[in-house]
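Heads up: the structure comes next, in structure tokens.
Just so you know, all these numbers are worked out from the coordinates, no wet-lab data involved. Here the structure is a predicted model, which is why all the values come from computation and not from measurement. Because the Cβ atoms are built from the backbone with ideal geometry, glycine has one as well, and the counts that use them run over all protein chains shown.
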Amino acid sequence: MSEVKETTYRNKRQMVGVVVSKVGDKTVGVKVERLKKHPRYKKYIKQSRKFIAHDKDNASGIGDKVLIVESRPLSASKRWRVARIVERSVENIEG
């Protein structure tokens, strides 16, 4: 009866970003970049936004690419959780 269930995040917003800061214990700052088309000039502009996310295992380090998922409010600024680490940075693999 003990089946391992893979977590699915339906109806939750998901974003992939890079960890840019370790804000505190179990908290990381994730920078998410996206391309937006300019309404008049039709050129693509790179825009970025920083999200504060909960990292329950303190597994991610600065430079790691992570998947963050929307969650209930965890603190005054945390509304996201780190679902998984997509890609480790070279600095975190070596050290």
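Brief remarks on what is shown
- Ellipticity estimate at 222 nm from DSSP helix runs (n ≥ 4, -39,500 (n - 2.57)) divided over the chain, nearest 500: -1000 deg cm²/dmol
- For the chain, the square roots of the Cα gyration tensor eigenvalues, ordered a ≥ b ≥ c, give a/c of at least 1.5 with a/b greater than b/c, which places it in the prolate category.
- Toward the positive end of the charge dipole of region 18-94, with +1 on the Cβ of Lys and Arg and -1 on the Cβ of Asp and Glu, the farthest Cα among HIS38, VAL69, ALA53 is that of HIS38.
- The calculated FRET efficiency for the pair ARG49 and GLU87, based on their C-beta separation and a Förster distance of 22 Å, comes to about 0.65.
- Among the lysines of region 18-94, pairs at least eight places apart or on separate chains and with Cα atoms under 16 Å apart come to 16.
- Note on SER21 and ARG34: the extension gain reaches 2.8 nm, defined as 0.36 nm multiplied by sequence separation minus the Cα-Cα distance.
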